[in-house]
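Asker: I have a structure here, written as structure tokens, and I will follow up with some questions on it.
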Amino acid sequence: MRADRVWTNARIATCSAGAEGLGVIEYGAIAATGGRISFVGPAKDAPGANEVIDCGGRWITPGLIDCHTHLVHGGNRAHEFELRLAGATYEEIARAGGGIVSTVAATRAASEADLVASALPRLDALIADGVTTVEIKSGYGLDLATETRMLKAARQLAHERSVEIVTTFLGAHAVPPKTASADAHIDAVVAMLPQVALHADAVDAFCESIAFSPAQTERVFAAAAAHGLRVKLHADQLSNSGGAALAARYNALSADHLEFTDVAGVAAMAAHGTVAVLLPGAYYFVRETQLPPITALRAAGVPIAVATDCNPGTSPLTSLLLAMNMAATCFRLTVEECLLGVTRNAARALGRDADIGSIESGKLCNLAVWDIERPAELVYRMGMSPLHARVFGGEMTGKCA
Ligand code: DI6
Ligand code: FE
């Protein structure tokens, strides 16, 4: 069958699950029909097409996936950054009423249009790194109206740019001001779920000594399950509260951060197929020294993803390529682990692996075309994107000639 478009003369890292390593095809071609991949293989076997694009030997990877961000929020926290430079800790700032709640005030004051407008430059930065799918969490509204507005703004971004947006309800991010207790806020989060479920693809929580206990997290997870939503968790970032094991017990798509996760947590994740999402930007920005249990995750065969955690407090990072570099430099991930971490495993962390994350027939034709000699260059550079073109749903969003 004649394809709509064929990209030929390319070196392809398919990142497909059945392949060795990155699943490289030298002298390869990819065909798109109706927005999906209809062929991937040696260029000599490619089908005829209405348009043939010669990639000049460039590399093609799946479009990158940033599977953990807080991209939509009001204001910024550059001032707190200055305070931290002067010696204050993240916990001290949070306990003194700064931190997340200061972003809550700025977000509550922002309209949906304001939220879209302020997120767009951050989204454009990710897109310039070859990103085609972005997960965006709520969690800076903490009331029904603002949480809903954040999720709607996030979904609106998919109409502003050629990008797929996956939304996550993070109502249990912090206890909002003037709330009697953390338990009272969990009551409110559970009550919000029926309405926010219309705008969210999954549910997340911040399980931590400065946020919510495992018991409170479980109440959120139970409510999410009752609404048919999969869960994820900010787990064991600042201390080990057994968050990773708790997430796994609820068949979470992912457990994220994991600096303080122990071997029992890793074993539980392996048993339940929960993806480990590593967030080296936050590790770097808060100057953490406790490394996530990389060796144990590898040994247990837990899929590892890498994301920016783009947020105003602990990771004001809008480069997924730099997150890959940090994962390699700080966490000693290999080039292959970094690239699979922002493609195949990131798709799995979003429950989207049937449609995205690798270059395979039937999946959406979301690609990144790179001006590089070898995949290691994607991890090696700091501050320059070698992106040549992006393909979203089979359509070129940049030139490739
Ligand atoms: N963990 C984090 O690192 C961010 N949220 C979370 O649950 C911090 C968000 C912020 O400080 O605004
Ligand atoms: Fe986060």
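The values are calculated or read from the model by the stated rules, or taken from the named source; none is laboratory data. The model shown is predicted, which means the values in this text are computed figures rather than measured ones. So basically every Cβ, Gly included, is an ideal-geometry build from the backbone, and we count neighbours across all protein chains shown. Just so you know, the surface numbers come from the protein's heavy atoms only, side chains and all, with ligands and any DNA or RNA stripped out. Shrake-Rupley method; radii C 1.70, N 1.55, O 1.52, S 1.80 Å.
Asker: Rank Ala305, Ala252, Ala105 by mean-square fluctuation in a GNM of the chain with C-alpha springs under 10 angstrom and give only the top-ranked residue.
Answerer: Answer for the Gaussian network model of the chain: Ala105.
Asker: So, one more: Which of Gly243, Pro121, Thr397 sits closest to the plus end of the dipole of the chain, meaning its Cα is farthest towards the positive end, when Lys and Arg get +1 and Asp and Glu get -1 on the C-beta?
Answerer: So the residue we want is Thr397.
Asker: Next question. Would you work out what percent of the accessible area of the chain, with all protein chains in place, is carbon or sulfur (probe 1.4 Å)?
Answerer: That share works out to 54 percent.
Asker: Given a 1.4 angstrom probe, what's the average accessible area per residue across the chain, in square angstrom?
Answerer: Each residue of the chain exposes 37 Å² on average to a 1.4 Å probe.
Asker: Less than 11 Å from a label point 7 Å out along the Cα-to-Cβ axis of Asp143: which backbone N atoms in segment 62-105 qualify, by residue?
Answerer: 105
Asker: Sticking with this one: Would you mind calculating the gained length between Asp45 and Met382 on full extension (0.36 nm times residue separation, minus the Cα-Cα distance), in nm to one decimal?
Answerer: 117.6 nm
Asker: For the chain, modelled as a Gaussian network with Cα springs under 10 Å, which listed residue fluctuates most, Thr89, Thr314, Thr69?
Answerer: The residue with the greatest mean-square fluctuation here is Thr89.
Asker: Can you list residues from other chains, or at least 5 along the same chain, whose modelled amide H is less than 5 Å from the amide H of Val275?
Answerer: Under 5 Å from the amide H of Val275: Ser254, Ala255.
Asker: Quick one: accessible surface of Ser181, probe radius 1.4 Å, all protein chains present, in square angstrom to the nearest 10.
Answerer: Its heavy atoms expose roughly 50 Å² to the probe.
Asker: Could you compute the FRET efficiency for Asp54 and His159, with r as their C-beta to C-beta distance and R0 at 35 Å, rounded to 0.05?
Answerer: In this case the efficiency is close to 0.65.
Asker: OK, next. Modelled label-to-label distance, Val101 and Glu26, 7 Å Cα→beta-carbon offset: nm?
Answerer: 6.1 nm
Asker: Please give the FRET efficiency for Glu395 paired with Ala17, using the beta carbon to beta carbon distance and R0 = 35 Å, rounded to the nearest 0.05. Show your work: numbers first, answer last.
Answerer: Details: r = 26 Å, r/R0 = 0.74.
About 0.85, to the nearest 0.05.
Asker: Please report how far the C-alpha centroid of segment 36-97 lies from that of segment 210-279, rounded to the nearest whole angstrom.
Answerer: 23 Å
Asker: Roughly what would the spin-label model give for Ala109 and Asn251, points 7 Å off Cα along C-beta, in nm?
Answerer: Taking the two extended label points, one gets 4.4 nm.
Asker: Apply the a/c threshold of 1.5 to the C-alpha gyration tensor of segment 70-148 and tell me whether it is rounded, prolate or oblate.
Answerer: Judged from the Cα gyration tensor, segment 70-148 comes out oblate (a/c at least 1.5, b/c at or above a/b).
Asker: Something else now. Would you please name the trypsin sites (Lys or Arg not before Pro) within segment 241-321 that are DSSP coil residues with at most 13 other C-beta atoms within 10 Å of their C-beta?
Answerer: Arg287
Asker: Next up: Excluding same-chain pairs closer than 8 in sequence, count the lysine pairs in the chain whose Cα atoms lie under 22 Å apart.
Answerer: 4
Asker: For segment 324-363 and segment 107-173, write down the distance between their C-alpha centroids in whole Å.
Answerer: Between the Cα centres of segment 324-363 and segment 107-173 lies a distance of 22 Å.
Asker: If you build the convex hull over the alpha carbons only and average its shadow over all orientations, what do you get for the chain? Give it in nm² to one decimal. The partial results should precede the final answer.
Answerer: Values: hull surface 72.3 nm².
Averaged projected area of the chain's Cα convex hull equals 18.1 nm².
Asker: Also: Suppose accessible area is computed on protein heavy atoms with a 1.4 Å probe; arrange Met326, Met396, Met269 from highest to lowest.
Answerer: Met396, Met326, Met269
Asker: Any idea how far apart Asp124 and Glu336 come out in nm if each label point goes 7 Å out from Cα toward Cβ?
Answerer: Each label point lies 7 Å from its Cα, and together they span 3.8 nm.
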